[in-house]
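Read-outs: derived from the displayed coordinates by stated rules, not from any lab. This one's a predicted model, so the numbers in the text were calculated from it and none came from an experiment. Note that we place each Cβ from the backbone using ideal geometry, even for glycine, and neighbour counts take in every protein chain shown.
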Amino acid sequence: MKRASAALICISVVALSACNRAPESAPAGATPATGAPAEAAANPNALPPPPMETAPVATPPAASGPQRVRGNAVMGKDGYGITPCGESGQRIADFGPDAAPVLDSFLASGVREFFVDAWASPGADGRLAITRIERIYTEGPSCDEALSGVVFFARGNEPFWSVRSGQDGVVLERPGVAAVSGPFNGVTESDGGRRIESETPDGPLIVQLTPVPCSDGMSDAIYGWTAKATLRNEEWSGCGFAGLPADRE
């Protein structure tokens with residue numbers, strides 16, 4: 001009987017020891033695995049994780065309008081090439097329906113090398129799509145001409161006269177006569193063309209420009225505008241072209 005009691009006591013001690021044994025510790029350096037599903041299961045009120053950020057899609061720049069192109073041009077067997085002012089490489093140019101008639105008229109004399117001042121849009125394969133010609137000639141100041149700040153320039157012969165308009169004002173010049181000047185008040189559209197008005201000490205100075213090709217008769221130059229200037233009861237006729245305002249340089 002005593003032996004049975006002693007055996008029962010030993011079995012009880014062993015069972016209690018097994019029940020109170022501490023769980024084995026995790027190996028050093030090991031990190032308990034956690035995850036969103038497990039956390040969500042543990043806390044059903046937990047907020048969902050924030051969405052992953054994606055890189056913004058690049059937006060191509062908006063197509064710009066025609067840009068001013070001035071440079072030396074040459075007519076080759078396969079077309080026309082222009083070396084823009086300030087650049088060393090030549091670019092192939094295509095002349096649009098408004099520019100081609102002016103070019104053809106200029107080239108009728110057999111000219112093959114010339115200077116062109118025009119407006120152009122980017123064409124295919126890096127070509128220039130000429131949309132409008134401001135001036136075209138063989139002899140002149142070309143790239144050395146200072147046109148910064150000039151909005152429009154008009155001139156004529158017999159008698160000689162010129163009007164320069166821009167940020168510095170409107171100035172009428174004639175040989176042997178004092179220059180007449182007034183403030184520049186901007187350019188307005190008038191009858192499909194452009195109109196410039198300025199109040200001067202000698203009265204209103206008005207320059208009307210019509211988008212019709214013009215030749216002054218003194219050179220082979222062709223201008224993109226026909227011009228007329230008036231001051232009091234005097235009137236002068238000639239040609240004109242757009243300058244290079246500071247925001248277009």
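Maximal additional length on extending the Ser109-Ser148 stretch stands at 10.9 nm, based on 0.36 nm per residue less the C-alpha distance. For Thr188 and Arg232, the difference between the fully extended length at 0.36 nm per residue and the C-alpha to C-alpha distance is 13.8 nm. Looking at segment 68-176, the trypsin sites (Lys or Arg not before Pro) that sit in a DSSP loop and have at most 12 other Cβ atoms within 10 Å of their own Cβ are Lys77, Arg112.
The relative contact order of segment 67-140, computed from alpha carbon pairs under 8 Å that lie at least 6 residues apart in sequence, is 34 percent.
The mean sequence distance of close C-alpha pairs (under 8 Å, at least 6 residues apart), as a share of the length of segment 162-222, puts its relative contact order at 20 percent. Using 12 Å as the cut-off for backbone N distance, which residues of segment 77-114 belong to the label zone defined by a point 7 Å from the Cα of Ala129 along Cα→Cβ? Answer for this model: 94-97. Annotation: amide H-H contacts under 5 Å for Gly149 (H modelled 1.01 Å from N, sequence separation of 5 or more, or interchain): Leu244, Ala246.
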